[in-house]
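So the structure is just underneath, and the comments pick up after that.
Any read-out appearing in this document is the output of simple, stated calculations on the displayed coordinates, not a laboratory observation. Since the structure is predicted, the reported quantities are computational estimates derived from the model, not experimental observations. Cβ placement follows ideal geometry from the backbone for every residue including glycine, while neighbour counts extend to all protein chains displayed.
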Amino acid sequence: MDIERLFLETLGDLEQRISSSDEYTVLGAAALLRKLLLDKVPLVNQVNRKYKLKITYEICDTEKLFATFNVPGVPPLQFIGIQDALDPCSIPNPPVKIVRRDAFLKTKVQASNGQYFTVRELIKYLANIAGAVHAGKSGTEENETLSEIESTLSVGGLPPTPGQLRAIGRVVLKAFTPLADAVRDN
């Protein structure tokens with residue numbers, strides 16, 4: 001398949017998956033995000049070699065959101081997830097940041113007992129441990145914590161991490177819209 005068609009089809013598949021309320025369907029979005037953003041040569045980079053667009057991600061400043069829950073002298077919350085609030089369109093008057101890919105992937109979106117998890121960590125966990133690409137166990141403390149969160153909590157009918165993936169997917173789709181438009185116009 002032509003790389004540009006693969007890119008457009010991947011974006012269409014991502015949009016469909018993040019719109020679902022079915023856990024398995026949403027989980028599959030992690031494989032697509034891994035392919036688009038995390039592979040050795042991410043699909044978006046392969047396509048953008050020709051177009052050379054500056055791709056940015058508009059997100060809420062999650063550091064400011066998390067700071068509202070960090071109260072001196074109070075133990076950290078057992079769990080907090082940014083969920084939809086990652087996407088600035090989902091809340092009124094959000095603290096917005098425009099970032100490049102590396103900063104986006106380092107954005108903290110979940111915390112458990114003071115341990116923070118980034119966009120990259122959630123995509124990798126869902127793709128490589130939770131079953132979007134591979135299913136298995138990991139000996140890392142971070143993945144064990146995520147597995148525990150997934151088995152004990154639910155947000156909007158989904159475990160927290162796939163639920164968070166929906167907002168991550170929306171941010172990615174918006175960021176890639178100019179490139180997708182350029183590919184279609186070519």
Calc'd 3J(HN,Hα), the range 118-125, phi into Karplus 6.51 cos²θ - 1.76 cosθ + 1.60 (θ = phi - 60°), Hz, glycine/Pro = x, comes to 9, 3, 4, 4, 5, 4, 4, 4
Name the residue from Pro162, His134, Ile98 whose Cα lies farthest towards the positive end of the charge dipole of the chain, charges +1 on Cβ of Lys and Arg and -1 on Cβ of Asp and Glu.
Ile98
Would you calculate the separation in nanometres between label points at Ser151 and Ile91, each defined as 7 Å from the Cα along the Cα-to-beta-carbon direction?
3.0
Which of Thr161, Thr118, Thr25, Thr107 has the fewest Cβ neighbours within 10 Å, and the rest in rising order:
Thr25, Thr118, Thr107, Thr161
Residue exposure sequence - Val155, Val172 - by fewest surrounding Cβ within 10 Å
Val155, Val172
Note, the range 52-57: 3J(HN,Hα) by Karplus (6.51, -1.76, 1.60, θ = phi - 60°), whole Hz, Gly/Pro = x, goes 6, 7, 7, 9, 10, 10
For Lys137 and Ser21, extending 7 Å from Cα along the Cα-Cβ vector and measuring point to point gives, in nm, a value of 3.5
Between Lys106 and Asp2, Cβ-based FRET efficiency (R0 25 Å, step 0.05) works out to 0.20
Inter-label distance for Asp13 and Asn45, nm, one decimal - labels placed 7 Å from Cα along Cα-to-Cβ
2.0
Given +1 on the Cβ of Lys and Arg, -1 on the Cβ of Asp and Glu, and no further charges, what dipole in debye does the chain carry about its Cα centre, rounded to the nearest 20?
700
Listed by chain and number, the residues whose amide H is under 5 Å from that of Ile55, excluding neighbours fewer than 5 places away on the same chain and using placed H, are none
Rounded to the nearest 500, the 222 nm mean residue ellipticity computed for the chain from DSSP H runs (n ≥ 4, each -39500 (n - 2.57)) alone is -16000 deg cm²/dmol
